[in-house]
Amino acid sequence: MPQLSYEPKLAAALSGATLRQLSHWRRATAGRGAVLVPELSASRPILYSFRDVVALRACVHLRQDTSLQKIRRALDTLRDGLNEHEHLSRYRLVASADTIYLAAPDHAVDLVQKRGNLVIHEMVDVLAPFYRNGRQIPSLLQPREHLSVDPLVRGGEPVIEGTRVPASEVAALLKDGVPPESVEDFYPGVTAAAARDAADFTAYVDSYSDEGFRQAAS
């Protein structure tokens, strides 16, 4: 099954990272590796995979609780110190006030302070919706009530829930002046509510084109 390529704008919208952050995180710094290099294409055109987006959401959660320097240090320990080279989406990383842990079902490994193992009592669901700087980042698998994202359906492209109809195509109809109530004439089974959700989500994604909510790339 072909894997969908997520351009940076859609990857940013689904992960909660800004376009500036994605660019910054793709690059290594002096003595530290990159946070996440897109697995499909790291040069123009930049293309992220579905599991890249999952990993980016985890990085956004970490960045809300700790510094980018500590994230890079933790990832270097994971890759070089522990010799863990699976895709970043395969690991559960949890930040505390002063360190980052690699979480297993019953314990966690300190990747920054290296103080040994301890028990983690609370895990973050990186697929669930969350708030960042007052803005809600949607659920990855259900970015709107009537939309879904499933790697097994059109490779993970956002679609009208229960169909294979891309949300972007429905939104394009509304942009061309088709009323939401008439979308079903083009795509049977697509309700007016689903069409409005498609338009709303597409507008949300487009807000990342001009860095709709600007902030530092760190």
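Any read-out appearing in this document is the output of simple, stated calculations on the displayed coordinates, not a laboratory observation. Everything numeric here is computed off the predicted structure, so don't read it as measured data. Reconstructed Cβ throughout: ideal geometry from the backbone, glycine too, with neighbour counts over all protein chains shown.
Can you compute the charge dipole magnitude of the stretch 38-166 about its Cα centre, using +1 on each Lys and Arg Cβ and -1 on each Asp and Glu Cβ, nothing else charged? Give it in debye, rounded to the nearest 20.
400
Packing-wise, with mean Cβ within 10 Å as the measure, how do 154-167, 80-93 rank, highest first? Don't skip to the end; give the middle numbers.
Numbers: 154-167: 19.9, 80-93: 14.0.
Those peptides, ordered most packed to least, come out 154-167, 80-93.
Would you calculate the separation in nanometres between label points at D98 and E181, each defined as 7 Å from the Cα along the Cα-to-beta-carbon direction?
Calculated label separation equals 6.4 nm.
Calculated FRET efficiency, H107 and R32, Cβ-Cβ r, R0 22 Å, to nearest 0.05?
Values: r = 26 Å, r/R0 = 1.19.
Using R0 = 22 Å, I get an efficiency of 0.25.
Determine, from the Cβ-Cβ distance of S43 and S168 and an R0 of 22 Å, the FRET efficiency 1/(1 + (r/R0)^6), rounded to the nearest 0.05. Display every interim value, and only then the final one.
Numbers: r = 25 Å, r/R0 = 1.11.
Efficiency for this residue pair is about 0.35.
List, in order, the whole-Hz ³J(HN,Hα) value for each residue of the stretch 5-19 obtained from phi through the Karplus relation with A = 6.51, B = -1.76, C = 1.60 and θ = phi - 60°; use x for Gly and Pro.
The phi angles translate into 9, 9, 5, x, 4, 6, 4, 5, 5, 7, 9, x, 7, 8, 4 Hz.
To the nearest 0.05, how large is the calculated FRET efficiency for L141 and A192 if R₀ is 25 Å and r is the Cβ-Cβ distance?
On the way: r = 23 Å, r/R0 = 0.92.
Using R0 = 25 Å, I get an efficiency of 0.60.
What is the Cα centroid distance between the stretch 72-107 and the stretch 43-70, reported in whole angstrom?
First find each Cα centre; the distance between them is then 14 Å.
Which residues does the label zone of D150 cover in the stretch 160-184, counting backbone N under 13 Å from a point 7 Å along Cα→Cβ?
160-165
Projected onto the charge dipole of the chain (+1 at Lys/Arg Cβ, -1 at Asp/Glu Cβ, origin at the Cα centre), which of S148, V54, I160 gives the Cα projection farthest towards the positive end?
V54
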